[in-house]
Structures are given as C-alpha cells and as structure tokens.
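Visitor: Just passing along the structure, written as structure tokens.
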Amino acid sequence: MKQLITINKRQTEILIFLYRFRFLTRLQIQNLLTHKSHSKIIVWLNQMVKLKLVSKHQTSSTVTAYYSLGTIGRKYLITQKLVKKTLPLNRIWREASYSITFREKCSFIADLYLQLLAQWGGALRFWTKTDLAGISHVISPAPDAYIVINQKSEADRFFVEIPSTPRTKNIIDHIERYAEYYYSNEWQENVSKDFPKIIIISANKSANKAANRYIKENYADEPDLRFRVAISDRAIAELQPKKKARGN
C-alpha cells in the first residue's frame, strides 16, 4: 500500500464482518461487536469511510444507511492477510450497483445470525455465502447461509436460501436445484453428516403455499430431503430446534 493505514482492533473486526456479510447497518455492526456506545461506532465508521476502508450507501437522509467494504478495505484485508479467500473480494467494484433489495437480503442474513447467536451462543456455527466460497462438496452457487446448531451429541443442519425473485417458478427452481444436489450424493459421500434441511425464505405467501404443495407432491417419500418454504418469521422458527430436556 502507498500509505500506512492504522486502525484499531475493533475497526479491523468491522472489515471482517463486512467481508462476511457484505452489507450491514450501523446498528448491526454495533451488535456484532457487542459494543455499548453507538457514538463510538459512528466515529469509527466515519473515519473508515474517509479512508475508503468502508463505503457508505444511503439514498437519502430518511433511508437506512448500509456499509460495505471499500477499495482500501479490500487492499487492507489482503495485505494484512486477514482473510484466507481473496476471490470474494473482487466483487468490491460492484457493491455500489447492487439494489436496495439485495442489501436488505444481506442485512437479513446478519439479523438471522444475531438472533440465533442470542439463543444458542456457542452451540451455533454459521457460514455466510462468502464463508462457503470454494468449499468442496457444497452446492454451487453456495447457499445464502449454512447453519449448524449443536445439542450434545446431536446437531441440526440447515441450508438457507432467499430467492432474489420470490415467484413460484423461481422458488421451485431452487427446490429442484437442491433435489438434484441431494440425488447426486455429493454431500452424503464426502461430508459424512446428515443432509441439511433446506429453508427457503420468501415474503410471497401465495408462492410459498404453492411451493410447499409442490414439495409435498414430489418429495414426500424422501424423508432425508427436507424442505420448508416460509416467510421470515416462520422460517426463523424452523431454524430454532427445541432444546433437549435435561435428563433425556
């Protein structure tokens, strides 16, 4: 780098979170850092925006601001060897062109992580699409999230997908893609873990109903191929298995 960039540990953590989740709000960054002072977060972010470590996306003063990695932030992560996978960093040049819908999707994944973390703590393991990039035997394109919740000797596993277009056909296309992946046995033969349940999240209630009917008609006889298509609140409930009762 042409100039020395000096940032604190917390600001470095912000870069890592933006690398993993892509778009985050100030409040989400504060929650991810478990930091009490919102004013301190604002100071750090403003400094990082000025240094082009971070980019700020806001169409007006009344719309939520989203933050993503900046061009210097990309260089910083690479030169400091803070990430193992540098290929996802090439998207940095396109971040400003993404729609508000895509930014909200990334933000939702972060909220999902925070909500599950609050409930499950150290029992939770959570991979974003960025974390999954290049991992062998994971469906391609990678899910929006892969989640494992460990409970003693058992674990619940989930693939999470949020279709960009929540129409019936698009949701069914996602279902068929995962069915093809399941029947390929790539996961079963190489991962040696139960095939994850697929959670598809969509706000289109009528499309969700049609998609769940399609699942019942076509995959009811496949007990290890488990789908659920639902709006966000109900889908989140699917991702929160009941804790095992003590003594069981």
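The values are calculated or read from the model by the stated rules, or taken from the named source; none is laboratory data. Model, not experiment: these values are computed from the prediction. Here the Cβ positions follow ideal geometry from the backbone for every residue, glycine too, while neighbour counts run over all protein chains shown. Surface areas here come from the heavy atoms of the whole protein model, side chains and all, with no ligands, DNA or RNA. Shrake-Rupley method; radii C 1.70, N 1.55, O 1.52, S 1.80 Å.
Visitor: For the chain, what is the mean residue ellipticity at 222 nm derived from helices alone (per DSSP H run of n ≥ 4: -39500 (n - 2.57); sum divided by total residues; nearest 500 deg cm²/dmol)?
Guide: One gets -14000 deg cm²/dmol as the mean residue ellipticity at 222 nm.
Visitor: Please work out the average accessible area per residue across segment 7-136, using the 1.4 Å probe convention, and give it in Å².
Guide: Using a 1.4 Å probe on heavy atoms only, each residue of segment 7-136 averages 52 Å².
Visitor: Quick check: net charge around P196, other residues with Cβ under 9 Å of its Cβ, Lys/Arg +1 and Asp/Glu -1?
Guide: Around P196, the surrounding residues sum to +2.
Visitor: Based on DSSP loop calls and a cut-off of at most 16 other Cβ atoms within 10 Å, the longest stretch of the chain free of exposed trypsin sites (Lys or Arg not before Pro) is what?
Guide: Free of exposed loop sites, the longest segment is 86-151.
Visitor: If you take every DSSP beta bridge fully contained in the chain, what fraction is antiparallel? Give it as a percent rounded to 5.
Guide: Here the share of antiparallel DSSP bridges comes out near 70 percent.
Visitor: Between the helical axis of 168-184 and the dominant principal axis of the chain, each derived from Cα atoms, what acute angle in degrees is found, rounded to the nearest 10?
Guide: Tilt of helix 168-184: around 80 degrees.
Visitor: Can you send over the carbon and sulfur percentage of the accessible area for the chain, probe radius 1.4 Å, protein chains only?
Guide: Carbon plus sulfur share of accessible area: 49 percent.
Visitor: Sticking with this one: Rounded to the nearest Å, what's the spacing between the alpha carbon centres of segment 112-140 and segment 8-68? Just the number, please.
Guide: 21
Visitor: Net charge around A65, counting only other residues with Cβ within less than 12 Å of its Cβ (Lys, Arg = +1; Asp, Glu = -1)?
Guide: Here the count lands on +3.
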